[in-house]
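Shown next, in structure tokens, is the structure this report addresses.
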Amino acid sequence: MTLLSPEFVALFIRAFAITLGVTAAGLAIALLLGLPVALALRSRRTVLSVPARLYVELMRGAPLVILLFLVYYGGPSVGLLLDAPTAGIAGLGLYGAGYFAEIYRAGLNAVPPGEIEAARMLGLGRTQIFLHIQMPGALRLILPPGTGQAINLLKESAVLSIITVPELTKTAGEIANLTFSAVTPYLVAALLYWAAVETLARTGRAAERRLGAAQK
Amino acid sequence: MLAMLHQTYPVLLDGLMMTLLVSGIALLIGCPLGLLIARAALSDSRAARWTSGIYRSFWRGTPILVQLIIVFYLPMSFGLKVAPVLAAIVALALNTAAFQSEIYRAGLSAIPAGQLEAARLLGLTRAQILVRIEAPQAIRLMLPALISEALALIKNSSLVSVIAVTEITRRAQQIASATFHPLEAYTLALVAYLAIAAVLAGAGLLVERRLAHGGSR
């Protein structure tokens, strides 16, 4: 079958690598940016908590494709010129940060206040308390939904094909045009996505088990 | 932007209606289908559990965009031409059925086994037990999760624009290319989606409050 010729296999491998790359980059932005947003959500100062809440509701209420169109096609009207992969990664990261902020917030809220008080009594600083008491305590609660969200970002990265990022879905379309077989390339893409999703899910479950064992 | 809104609101409103129509029908089809898949997942038959597992794994483990394209092009490779709207509804329905089935599975597992035994002893058939005993309770228990699934479905429906279904996103694209003002056009689309999200969130709060008062026993 022509679909399995070396050139198509090479195209699929390259596209799969780009999918994994943009997902990893978007996930990294989401993980990093989500944390300050979560802290702002938890803040008693409304100048912090209200904008953070608006940001989260905006990112969670809007489809990714609209956010990408705004950045990629709307950006130039306000002097923001990004190439497609950069716009895609930025969009994916900003979008994911809204979800991760909520995940972090829920995790941090579940840490018993007594633990934080005890740490303060023992003379730990705010940063120390955050790094050594709050984050490890929250991690157990963050990990399961965090894995789910990472999987969502991987799947949502397919939307980057619409703004012409040459990732897996876009490449499947190009191969479909070349081979005149409309469905098979997309089935191959689906299989690759599925394998990546399963790997992420299994890794997440293994991490949960290890974390559970370590804390017992 | 207001000038654009004034000029284009009939088109946008048309897109909004299409978004709600496609998502609404998909959500309704996904409901019985999701219940069936959930029932199969909890079945005694290994074949039923396996089939249900494969179904959920595929529809939850691959991007909706890829699923949509496969559903749209698959009949074509057998020489059948399917209207884009129909393909969109089918793809969204099959997708949401998998996600809804996870919600129902949790809901059905929460129903005490004693109730089902009692119903069986009273002579109710399997279908009757599902429709009269299990479904009403599961739906009430799972309504908050169903509302967030509805929101996810509406957001996913933005992707049916790629097969030229004229919903909000597609309409915004048309306006953007006709007016050369993409920023304004997509901002209007964004506002439309946020309005839907706000209405759904409001409905969710209302439902939760009602359930908190009337649903406890």
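The values are calculated or read from the model by the stated rules, or taken from the named source; none is laboratory data. Keep in mind the model is a prediction, meaning the values are calculated, not measured. Glycine gets a Cβ as well: all are built from the backbone with ideal geometry, and neighbour counts include every protein chain shown.
Every listed requirement among (1) modelled with pLDDT under 90; (2) touching a Ser or Thr at 6+ places or on another chain (Cβ under 9 Å) is met by B:Ala135 save one, (2). Scanning the stretch B:85-117 for residues that are surrounded by fewer than 19 Cβ atoms within 10 Å (Cβ to Cβ) and modelled with pLDDT under 95 yields B:Glu102, B:Ala106, B:Ser109, B:Ala110, B:Ile111, B:Pro112, B:Ala113, B:Gly114, B:Gln115, B:Leu116, B:Glu117.
Evaluating A:Leu58 against the criteria (1) within 12 Å of another protein chain (Cβ to nearest Cβ); (2) free of Cβ contacts under 8 Å to residues at least 24 places away in the same chain leaves one unmet condition, (2). Restricting the stretch B:36-70 to residues that are among the charged types (D, E, K, R) and either buried (at least 21 other Cβ atoms within 10 Å of the Cβ) or within 26 Å of B:Thr19 (Cα to Cα) (or both), the residue that is nearest to the chain's Cα centre (by Cα) is B:Arg60.
Which of the following residues is assigned to a helix (DSSP H, G or I) and in contact (Cβ under 8 Å) with a residue 60 or more places away in the chain: A:Leu187, A:Leu200, A:Leu211? Just a single option satisfies the conditions, and that option is A:Leu211. Scanning for something away from every other protein chain (no Cβ under 13 Å) and among the charged types (D, E, K, R), does the stretch B:155-162 turn up at least one residue? No, the stretch B:155-162 has no match at all. Against the numbered list (1) crowded, with 17+ Cβ neighbours inside 10 Å; (2) under 18 Å from B:Pro32 (Cα atoms), B:Arg132 comes up short only at (1).
On the basis of being under 18 Å from the mean Cα position of the chain (by Cα), assigned to a helix (DSSP H, G or I) and either modelled with pLDDT of 95 or more or more than 9 Å from chain A (Cβ to nearest Cβ) (or both), does B:Arg140 make the cut? For B:Arg140, the condition - under 18 Å from the mean Cα position of the chain (by Cα), assigned to a helix (DSSP H, G or I) and either modelled with pLDDT of 95 or more or more than 9 Å from chain A (Cβ to nearest Cβ) (or both) - is met. When B:Ser45, B:Ser23, B:Ser57 are screened for being hydroxyl-bearing (Ser, Thr, Tyr) and closer than 30 Å to B:Val191 by Cα, only B:Ser23 passes. Sort through B:Leu28, B:Leu35 and tell me the only one that's assigned to a helix (DSSP H, G or I) and touching a Ser or Thr at 6+ places or on another chain (Cβ under 9 Å). Checking each option against the conditions leaves just B:Leu35. State whether the residues of the stretch B:37-57 include one that is closer than 30 Å to A:Ser181 by Cβ, at the interface with chain A (Cβ under 9 Å from one of its Cβ atoms) and of a type in the set (S, T, N, Q). The answer is yes, given that some residue of the stretch B:37-57 is closer than 30 Å to A:Ser181 by Cβ, at the interface with chain A (Cβ under 9 Å from one of its Cβ atoms) and of a type in the set (S, T, N, Q). For the stretch A:41-49, does any single residue satisfy the condition of being more than 14 Å from chain B (Cβ to nearest Cβ), over 30 Å from B:Leu153 (Cβ atoms), assigned to a helix (DSSP H, G or I) and of a type in the set (S, T, N, Q)? Looking through the stretch A:41-49, at least one residue is more than 14 Å from chain B (Cβ to nearest Cβ), over 30 Å from B:Leu153 (Cβ atoms), assigned to a helix (DSSP H, G or I) and of a type in the set (S, T, N, Q). Residue count for the stretch B:71-101 under the criterion of being more than 17 Å from B:Ser158 (Cα to Cα), part of a helix (DSSP H, G or I), over 11 Å from the mean Cα position of the chain (by Cα) and among the hydrophobic types (A, V, I, L, M, F, W, C): the result is 2. Do we find a residue being within 19 Å of the chain's Cα centre (by Cα) and either at pLDDT 95 or above or crowded, with 20+ Cβ neighbours inside 10 Å (or both) anywhere in the stretch A:171-185? Checked against the condition, which is being within 19 Å of the chain's Cα centre (by Cα) and either at pLDDT 95 or above or crowded, with 20+ Cβ neighbours inside 10 Å (or both), the stretch A:171-185 yields no hits at all. Considered as a group, the residues in the stretch A:102-145 that are part of a loop (DSSP other than H, G, I, E, B) and not aliphatic (A, V, I, L, M) include one that is farthest from A:Leu58 (Cα to Cα), and that residue is A:Gly123. When A:Ile129, A:Ile89, A:Ile116 are checked against the criterion of being away from every other protein chain (no Cβ under 14 Å), touching a helix residue (DSSP H, G or I) at 6+ places or on another chain (Cβ under 8 Å) and touching a residue at least 24 places away in the same chain (Cβ under 8 Å), A:Ile89 stands alone in meeting it. Among the β-branched types (Val, Ile, Thr) and either at pLDDT 90 or above or part of a loop (DSSP other than H, G, I, E, B) (or both) - does that describe any residue in the stretch B:146-155? The answer is yes, given that some residue of the stretch B:146-155 is among the β-branched types (Val, Ile, Thr) and either at pLDDT 90 or above or part of a loop (DSSP other than H, G, I, E, B) (or both). Name the pairs whose Cβ atoms lie under 9 Å apart, with the first residue in the stretch B:181-192 and within 10 Å of A:Ser77 (Cα to Cα), the second polar (S, T, N, Q) and part of a helix (DSSP H, G or I), and 6 or more positions between them or separate chains? Listed pairs, sorted by first residue: B:His181/A:Ser77; B:Pro182/A:Ser77; B:Pro182/B:Gln173; B:Leu183/A:Ser77; B:Glu184/A:Ser77.
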